[in-house]
Amino acid sequence: MSNLYLPKEKAHSKKLKFFGFRNFILLTVLLFILFEVFQGLLRWLLLLIRLEPLIYLPRLSFFLLIFIIPLIKPKVNQKVLLITIFFALYTIWGIINLKNLVQALFGLWVLAPFLVGLWSSKLIDLRQQKTILIFLFFSASLGVLLNVLLTFPWSGLTIEIGGQVIEVSRQWTAFGVERYAGFSRASFNAASQTLVLAIYSTIFTEFKSLKVFVWLLSGFAIYLTNSKGCIFSWIVLTLFFITLIPVKEKRFFCLSWTIIAIILSLTMVILPISTLYTHYSIDYTNDLSLILLASFEDRLISVWPASFDLLNNLFYWLFGRGIGGIGAPQQYFESSRYLPADNLFVYLCVLFGLPIAILSLLSVILILIKTSKSMLYSKINKFKFCIILFILIYGNIVNILEEPVLALVFGLVLLDRKREGLC
């Protein structure tokens, strides 16, 4: 008789094992965010005890999870599986085209947080982790504030790993204005981490006074990083939250902000493409305009045209250079041609080709439109809308997918889930 119940026992055992694996994924995701928020501090501490390679353990776990989750998950999401296969094929194309196995694999390593975000979106519920995520928000923000008063020992420090010189934490200025990184690795990392965690804390915190305090603190911390893209994103999102409070015409509110998001996605495409046939020159009337617009002009006259120059024939325009073809992998393996892309559309275009870049942005817009219809009734959808809005703003001047925490959260919010969760 006991044999009759064996299949059920096996199924129950598998469920228990998978439940444990879900907790492992959750722990890995939280550790990854923690390591990124404290990246500068942790690199310095590990350097003191000569164990600096350990800083890559969370990223290595992410890289391995790309291959492990599809094998262990009982029911595989077909869309995510197809995206993963697509990334695998473009890694192979990168190896063939770039003639450098390590460069292409490093490109996949860089994109691992986004892929893990996609695979984890139906497995974990970060709403239940308010304590640690709000703690990480205050850590990121207060780290920047403390950096104004103190010179951290890891600021400006470099180390050598595997023959490559790597920054522990970047110390730099823009036109004499200090860009504070806090506990993180660079000012722009601190800014994007602070804003992502502020959006989460503001939406999921129950206390109104804490919501206001969190949002104002995040704005001050981001201002101190001098990350103009995040500062502008914070201003736009502030307007979103302000107009949300007294909203009566719900349909008009949702439609208005959806149109704004679509316009932002269009500028992400139109501005870089326009550099192919227009030479821009910005006249600076004063020092403020120079500080605000100099880096943007550099993108218009240098970074974006040079990035498109990597697509030097029709085949590349259609199919891209492959994973590893632009951004961080170039910095280490193709340094003479290194370009950061500094735009999500440009980054996708060089990696995957123009058709895939356009299709990808259209997919994000469709997700945003679907989310907007219920964002006033669901905290989860409000969070999704705000994250995608942030990405469409910031993606105009940053490639996004190489910002680890932002790429992870981007992947988390792109899929729907049947039961309530993060997305």
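The values are calculated or read from the model by the stated rules, or taken from the named source; none is laboratory data. Model, not experiment: these values are computed from the prediction. A quick note on method: Cβ atoms are made from the backbone with ideal geometry, for glycine too, and the neighbour counts reach across all protein chains shown.
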* Tell me, which residue of the range 321-339 that is part of a loop (DSSP other than H, G, I, E, B) and of a type in the set (D, E, K, R) is nearest to Trp304 (Cα to Cα)? -> Arg321
* Asked: Listed residues Ile33, Ile83; which is in a helix (DSSP H, G or I), closer than 27 Å to Phe315 by Cα and not acidic (Asp, Glu)?
  -> Ile83
* Structure fact -> Residues of the range 24-45 being surrounded by fewer than 18 Cβ atoms within 10 Å (Cβ to Cβ), more than 16 Å from Ser139 (Cβ to Cβ) and either free of Cβ contacts under 8 Å to residues at least 24 places away in the same chain or of a type in the set (S, T, N, Q) (or both), in sequence order, are Phe24, Leu27
* Matching residues in the range 318-350 - criterion: being surrounded by 18 or more Cβ atoms within 10 Å (Cβ to Cβ) and within 16 Å of Ile273 (Cα to Cα) -> Gly320, Ala341, Asp342, Asn343, Leu344, Phe345, Val346, Tyr347, Leu348, Cys349, Val350
* Residue match in the range 349-356 (condition: closer than 19 Å to Val413 by Cβ and in contact (Cβ under 8 Å) with a residue 40 or more places away in the chain) -> no
* Collect the residues in the range 190-225 that are touching a residue at least 60 places away in the same chain (Cβ under 8 Å) and aromatic (Phe, Trp, Tyr), keeping them in residue-number order. => Tyr200, Phe204, Phe220
* To do: Could you tell me whether the range 205-216 includes any residue that is closer than 24 Å to Ile55 by Cβ and either of a type in the set (S, T, N, Q) or crowded, with 16+ Cβ neighbours inside 10 Å (or both)?
  => no
* Asked: Any residue in the range 143-161 that is modelled with pLDDT under 75 and among the charged types (D, E, K, R)?
  -> yes
* Could you pull out every one of the helices (runs of 4 or more DSSP H) wholly within the range 135-249 that has 2 or more residues that are more than 21 Å from the chain's Cα centre (by Cα) and of a type outside the set (S, T, N, Q)? => 208-225, 228-244
* **Flag if Val110 is touching an Asp or Glu at 6+ places or on another chain (Cβ under 6 Å) and touching a residue at least 40 places away in the same chain (Cβ under 8 Å)** => yes
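Every residue, every condition in (1) exposed (fewer than 15 other Cβ atoms within 10 Å of the Cβ); (2) within 19 Å of Ser121 (Cα to Cα); (3) among the aromatic types (Phe, Trp, Tyr); (4) modelled with pLDDT of 95 or more, yes or no:
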site	(1), (2), (3), (4)
Pro355	yes, no, no, yes
Thr371	no, yes, no, no
Tyr377	yes, no, yes, no
Ile380	no, yes, no, no
Ile393	no, no, no, yes
* Asked: Only one of (1) under 23 Å from Ile166 (Cβ atoms); (2) buried (at least 17 other Cβ atoms within 10 Å of the Cβ) is not met by Leu57, so which one is it?
  -> (2)
* Structure fact -> Residue set Leu71, Leu105, Leu46; condition within 21 Å of Glu402 (Cα to Cα) and assigned to a helix (DSSP H, G or I); output residue Leu105
* Would you check if there is a residue in the range 340-357 being farther than 23 Å from Asn189 by Cα, over 19 Å from the mean Cα position of the chain (by Cα) and not in a helix (DSSP H, G or I)? => yes
* Asked: Which residue pairs have Cβ atoms under 6 Å apart, sit 6 or more places apart or on different chains, and have a first residue in the range 143-160 that is of a type in the set (S, T, N, Q) and a second that is in a loop (DSSP other than H, G, I, E, B)?
  -> Asn147/Tyr180; Asn147/Gly182; Ser155/Ser169; Ser155/Gln171
